[in-house]
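Laboratory data are not the source of any read-out in this text; all were calculated from the coordinates shown. If you're wondering where the values come from, they're calculated on a predicted model, not measured in any experiment. Don't worry about glycine lacking a Cβ; one is built from the backbone with ideal geometry, like all the others, and counts go over all protein chains shown.
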Amino acid sequence: MKNTSVLKIFWIIASIAVIGFSVAGCALKEDTPSMDELVGEWKGSYGANQGETGLTLSVYKEGSKYKAIFDFYNLPGRTNSLEGSYYMNVSTDESKYILKGDQWISRPSNYVFVDLYGTISGNVFSGSVSSPQGGGGTTFRVVKQ
């Protein structure tokens, strides 16, 4: 009888531990942004050296990787920006999406990539803009179409 009671207690404790680890694992996964949530077309603007600039961000899955096309242009009524576009690599960490410039599609003279670091709230993707060349320090905001 004693061995049976010890085994029952062992199995109860082991089961509680497994359930605890499973719940903790689920909680971590919920905090990590879902890459599929970012897929789609987003429109809005971002702050740049040339001033507030129009932005269309097209995020897609290519094989097992996520990519984006960053299209920039003048906002209505403005003439501060040239038009251009480039490919971006998309990743995530525990709390945000990271989109980094990778290859130019159409590059205006003297323009450089900017990278995006942001989160999604409802249908709005927003966050900070930075440039590997030292520019940035501004923000972006785009709405899912």
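Data overview
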quantity: Set of aspartates and glutamates near K61 by C-alpha distance (under 16 Å), chain-local residues within fewer than 8 positions excluded; calculated: D36, E37, E41, D102
quantity: Cut-off 18 Å (backbone N to label point 7 Å along Cα→Cβ of Q145), residues of region 66-91; calculated: 67-77, 83-88
quantity: Simple spin-label estimate for S131 and N110 in nanometres, 7 Å along Cα-Cβ; calculated: 1.1
quantity: Mean projection area, nm², convex hull over Cα of region 35-144; calculated: 6.7
quantity: Trypsin sites (Lys or Arg not before Pro) within region 35-127, DSSP loop, no more than 15 other Cβ atoms inside 10 Å; calculated: R78
quantity: Distance between modelled label sites at I69 and E52, nm, 7 Å Cα→Cβ extension; calculated: 2.6
